[in-house]
Amino acid sequence: MPAISVKSPGKTILFGEHAVVYGHPAIAVPIKTINLEVKLIARPDYPQGKITIQNHNSGSLEELADLEENNPIKASIRILKKAFNLDHMPAAELHISSQIPIASGLGSSAALAVAIVRGFSQYLGFNLSNQRINELAYEVEIIQHGTPSGIDNSVITYNQPVFYIKDQPIEFLKFKNPFHLILANSGIHSLTKEVVAEVRESLNQDPDRINPLLESMGEIARSAKLELTKGNLQSTGRLMTENHKLLNELGVSCSELDELVNTALDEGALGAKLCGSGKGGNMVALVEASQSSRIKQSLLAKGAVSALSTIVG
Ligand code: PMV
């Protein structure tokens, strides 16, 4: 059997993170310049069900059997076996290499879940629809994150911009013109599950303050959808910055992210905000093409540990 290779893109949330967990709309786009690759090589010489996992980023070589039950790879394979009614997976070598930084708001965990589900289903000879891959990857995300909205696995599975409302059909977006983004990494790792739990705690403690913030973020996402489809980048940028202020009030920013957002805006970005769960991870800025490399350099000079520019649309 020939080796199987599948790739998942990274993603960024342009509008509505956190609010999306509570049924408000959000907009996310794939970041096609970074990806996570899964390769599967058949090993009929291995004992039944043996799967070795080589992580080319960390250099680790492990066996599936030795991983914890909640490990995303183990969880994905367990979910696939259940979905396909299999006692064991055919023996294989699994190779993972990723350009998506972990715990940084760019979708590394959903990218892994989607690639494992897609890769193993191809390996087994099942030609699953994106819808089915997305459903299975969402089950993995539930094990990882507790109460995910499903936006990350959706934008990554379909590799298309999405206007997403939990438990509603996904709306795919077409933008009038391509636009330029810069993603700048604060270098601080933050766990989605923990930040989402903190927001839930604030909501329980003070619903009268938190609910209006979440509702405003949803309204911003609805306005941004209109502006983006009309190609109004100036207004889209303003809405991003407004969304960042609300995320700040929600308590999910940090001084490093605020500093990156302010730097991007001072240098002429059309808008900037944290992206993903926050408390670290990345900032996303909407910029004019001609300003991109200068703003990126300023962000690196102001403490971003890495920055990438990308075009969406
Ligand atoms: O930090 P990330 O990339 O896992 O993004 C999480 C987005 C949240 O809205 C905070 C959670 C969710 O499930 O939608």
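Each of Asp258, Asp87, Asp266 was scored by other Cβ atoms within 10 Å of its Cβ. Listed from fewest to most, they are Asp87, Asp266, Asp258. With bins 10 Å wide beginning at 0, the percent of Cα pairs of the stretch 89-163 falling in each bin runs 19, 50, 28, 2. Quick check on the stretch 1-140: take the gyration tensor over C-alpha atoms, sort the square-rooted eigenvalues as a ≥ b ≥ c, and tell me if it's rounded (a/c under 1.5), prolate or oblate. Prolate shape, in that a/c is at least 1.5 and a/b is the bigger ratio. For Lys296, the lysines whose Cα falls under 19 Å of its own Cα, not counting residues fewer than eight places away in the same chain, are Lys11, Lys32, Lys273. A quarter of the convex hull surface defined by the alpha-carbon atoms of the stretch 60-132 gives 5.6 nm² as the mean projection. Under a no-solvent Debye model with one identical scatterer per Cα of the chain, what's log10 I(q)/I(0) at q = 0.14 Å⁻¹? For the chain at q = 0.14 Å⁻¹, log10 I(q)/I(0) is -1.02.
Listed by Cβ neighbour count within 10 Å, with the fewest neighbours leading, Arg43, Arg238 appear as Arg43, Arg238.
Calculate log10 I(q)/I(0) of the stretch 171-223 for q = 0.19 Å⁻¹, where I(q) comes from the Debye formula with a single equal point scatterer on each Cα and nothing for solvent. Debye output, listed in q order: -0.97.
Counting only lysines at least 8 places from Lys230 when in the same chain, those with an alpha carbon closer than 17 Å to its own are Lys174, Lys176. With contacts taken as Cα pairs under 8 Å and at least 6 residues apart, the chain reaches a relative contact order of 23 percent. Taking a ≥ b ≥ c as the square roots of the eigenvalues of the Cα gyration tensor of the stretch 157-313, is the shape rounded (a/c under 1.5), prolate (a/b larger than b/c) or oblate? Oblate, because a/c is 1.5 or more while a/b does not exceed b/c. Can you tell me the 0 to 90 degree angle between the C-alpha axis of helix 192-205 and the longest principal axis of the chain, rounded to 10? Helix 192-205 sits at roughly 50 degrees to that axis. Going from the residue with the fewest nearby Cβ atoms within 10 Å to the one with the most, Leu246, Leu61, Leu181 rank Leu61, Leu246, Leu181. Taken over the stretch 115-210, the ratio of Cα radius of gyration to 2.2 N^0.38 Å equals 1.34.
Put the Cα centre of the stretch 217-281 next to the Cα centre of the stretch 292-308 and the gap is 17 Å. Taking square-rooted eigenvalues a ≥ b ≥ c of the alpha carbon gyration tensor, is the stretch 209-289 rounded, prolate or oblate, where a/c under 1.5 means rounded and, failing that, a/b exceeding b/c means prolate? It comes out oblate by the Cα gyration axes.
Taking a straight Cα-Cα cut-off under 12 Å and skipping sequence neighbours fewer than 8 places away in the same chain, the aspartates and glutamates within cross-link reach of Lys193 are Glu141.
Bear in mind these aren't lab numbers, they're just calculated from the coordinates by the rules spelled out. Not measured: the values here are computed from a predicted model. Glycine also receives a Cβ, built like all others from the backbone with ideal geometry; neighbour counts cover every protein chain displayed.
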